[in-house]
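Structure, as structure tokens:
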Amino acid sequence: MAANEQKIEKLQDEINQLREELQQKERELFDLKFKKYHDNKYCLGLTATDIMRYSRQMLLSQFSITGQIVLKKSRVLIVGMGGLGCPCALYLAAAGIGEITIIDYDEVELTNLHRQVLHGENDIGIPKILSAYNRLKNLNSNIKIIPIHTHANSSTLTDLFKNKTFDVVVDGSDNVATRYLLNDICVLNNLPLVSGSALQMEGQLTVYNYNKGPCYRCLFPVPPPPDTVMNCGDGGVLGPVPGIIGTLQALEVIKILTKQGGVLSSRLLTFDACEAVFRNVKLRTRNSRCAVCGDDPTITSLIDYEEFCGSSAHDKVIDVDILRKDDHIPVKELPSKPETLLIDVRPTLEFAMCNLDNSYNFPYSYLKKGKDLDKLRKKLEDYSTNGSEVLIICRRGNDSQRAVLQLKEIFTDLPLKFLNVLGGLYAYSNSVDASFPIY
Amino acid sequence: MNNNAYNINIFSGGAELLFDNKRHYNIDLPNKDTWKLGDLLIWLRDNLLSERPELFIQNNSVRPGILVLVNDSDWELMVSSDLWYLICSLCQILCKYAPCP
Ligand SMILES: [Zn+2]
């Protein structure tokens, strides 16, 4: 095992070195090939390479050479290099935005690749902004990409805005706290915020704080209850859905920068991928009593957004701990109990993706709703003739704890002891068998 | 045939978790002189919501983070000061979550 890890590390180093070398040579080649076009005696404001490279968008009358020069001088901030940020950055870099700052704290994971199209198989484990930087630089070496490896919060963004200016901000974040944070900083700096979201088979897009339109707070003055907010890790998402929304975000950025009009302000574009229906919904205008963009704002500097939203600014799950000590069993003991009834309380969809031998699927949601309880009772009654412990497992060890509480309550009459498998299938994969897929 | 005039399309678009995971409902409302949006939301809560109604209605209005759209417009545009817009049988109601993630 250790030898394997050493080999991985060695290969990684070699690849990084080769990649750097390759990149250098590729840029050298590009420069040599296109050097003759670098002079710009025939065109004002752009190089001859620029004219050729961006000609297909400059031929548009709404865009023209003026639009290209504007893009070249523009500075865009993209927060989040995930499902939205990746396609957005890709198109903005390709379009020739002069300076793109990208912020993200996460590292690339295997589960990201189906939708976060800037990252590849060989980027797993490295910061997202680094793999995004490499990919964007390969696409367009003539623009400036500024990668910032940090968590976007009040203090990091305050620092960033002290040192840099931007023309537009793109919200590619995955949580409510960051949405309020970006909204407020955009209002305080008088910047348009291009906001997108994508979950499951639904996408949404709008531009906040632009041309007398509303800000996020005008629409949602009070944050939603934390437990009602879903994330991609739980709800799932089909890759092209954020792909479409992120690409539309890039489009709105270009329209804002080049002052073409028709910007999606005071309107919400919703995309229903199931039915292939786009709706364009009319939104309220700016609320004069809005706490941040209103006539008499109460928020005049950034606040603590995690506290305001009652949730943390990432989409990771927070572990619960609601049982007594003796209601748990360490996951390592699982292999020594092949005869013990093991109930997997994940949704049937997840159970179908991967499951442990001999585990019995009864979703926690059924317990909550009281669905099929008679079936479960039968199963438990049959089992109670030769066993007394019942092990409850789920994905991360949270729902299984809730399930244990419910089961104890529902089946008080049965001579059974319900035990929570600590840490769930995550822990199983980490400390028993690494070949069980973590998702 | 049902003689009441209120046949309404409800889309849970985005908020379907609250609506038994169904995205589309075609409902006939009970007879009543006028149906107002506020009445309808309460009716939806009492008749369509599968679980945890408090995740839809709080303090007699929709809970924070849900946007109600009537005929492709933000309901705020219709209710202005009077929260209870009169609905007609041509209404399409769409309930959306706040854009997140
Ligand atoms: Zn506002």
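The values are calculated or read from the model by the stated rules, or taken from the named source; none is laboratory data. It should be emphasised that the depicted structure is a prediction, and the values quoted were computed from it without experimental measurement. All Cβ positions, glycine included, derive from the backbone under ideal geometry; neighbour counts span all protein chains shown. Please note that ligands, DNA and RNA were not included when accessible areas were found on the heavy atoms of the full protein model with its side chains. Shrake-Rupley method; radii C 1.70, N 1.55, O 1.52, S 1.80 Å.
Partner shielding of A:204-216 amounts to 1, given as the average count of beta-carbon atoms from other chains within 10 Å of each residue beta-carbon.
Annotation for the A:B interface, with buried accessible surface near 2600 Å², both sides summed [1.4 Å probe; non-protein components not counted]. Charge dipole (Cα centre; +1 on Lys/Arg Cβ, -1 on Asp/Glu Cβ; no other charges) of the protein assembly as shown amounts to roughly 1800 debye.
Protein heavy-atom surface of segment A:214-326, 1.4 angstrom probe: 54% of the accessible area is carbon and sulfur, with nucleic acids and ligands not counted. Over segment A:110-215, the alpha carbon radius of gyration divided by the compact-protein estimate 2.2 N^0.38 Å works out to 1.18.
Given +1 at the Cβ of Lys and Arg, -1 at the Cβ of Asp and Glu and no other charges, the dipole of segment A:58-204 around its Cα centre is 600 debye to the nearest 20.
Simple rule: put +1 on each Lys or Arg Cβ and -1 on each Asp or Glu Cβ in the protein assembly as shown, find the dipole, and look at A:LEU407, A:THR47, A:ASN287; the Cα lying farthest toward the positive end is A:THR47.
Of the peptides A:262-275, A:178-191, A:345-358, the ranking by mean beta-carbon count within 10 Å, highest at the top, reads A:178-191, A:262-275, A:345-358. The alpha carbons of segment A:202-357 give a radius of gyration and a Dmax of 22.4, 69 Å, in that order. Here the sum of -39500 (n - 2.57) over DSSP H runs of 4 or more residues, divided by the residues of chain A, equals -11500 deg cm²/dmol at 222 nm, to the nearest 500.
P(r) for segment A:158-241, from all Cα pairs and a bin width of 10 Å, is 15, 47, 30, 8 %, short bins first.
Other protein chain C-beta atoms within 10 Å of residue C-beta, averaged over B:61-72: 4. Potential lengthening of the chain between A:ILE410 and A:LEU373 amounts to 12.4 nm, from the contour at 0.36 nm per residue minus the alpha-carbon distance. With all projection directions averaged, the alpha carbon convex hull of the protein assembly as shown covers 31.6 nm². For the listed residue pairs A:LYS212/A:LYS282; A:LYS337/A:LYS369; A:LYS332/A:LYS371; A:LYS162/A:LYS255; A:LYS72/A:LYS128; A:LYS212/B:LYS36, the alpha carbons are over 20 angstrom apart in A:LYS337/A:LYS369; A:LYS332/A:LYS371; A:LYS162/A:LYS255; A:LYS72/A:LYS128; A:LYS212/B:LYS36. The GNM of chain A, with springs linking C-alpha atoms under 10 angstrom apart, assigns the highest mean-square fluctuation among A:SER154, A:SER311, A:SER384 to A:SER384. For segment A:401-415, backbone phi angles converted through the Karplus equation (6.51, -1.76, 1.60; θ = phi - 60°) give residue-by-residue couplings of 5, 4, 5, 4, 4, 5, 4, 4, 6, 6, 10, 4, 6, 8, x Hz, Gly and Pro being listed as x. The separation of segment A:23-38 from segment A:189-261, counted between C-alpha centres, amounts to 38 Å. As I understand it, the value is the acute angle between the Cα axis of helix A:85-95 and the longest principal axis of the Cα atoms of chain A; what does it come to in degrees, rounded to 10? Rounded to the nearest ten degrees, it is 20. Compute the separation of the alpha-carbon centres of segment A:368-420 and segment A:111-176 and state it in Å as a whole number. Each part reduced to its Cα centre gives a spacing of 45 Å.
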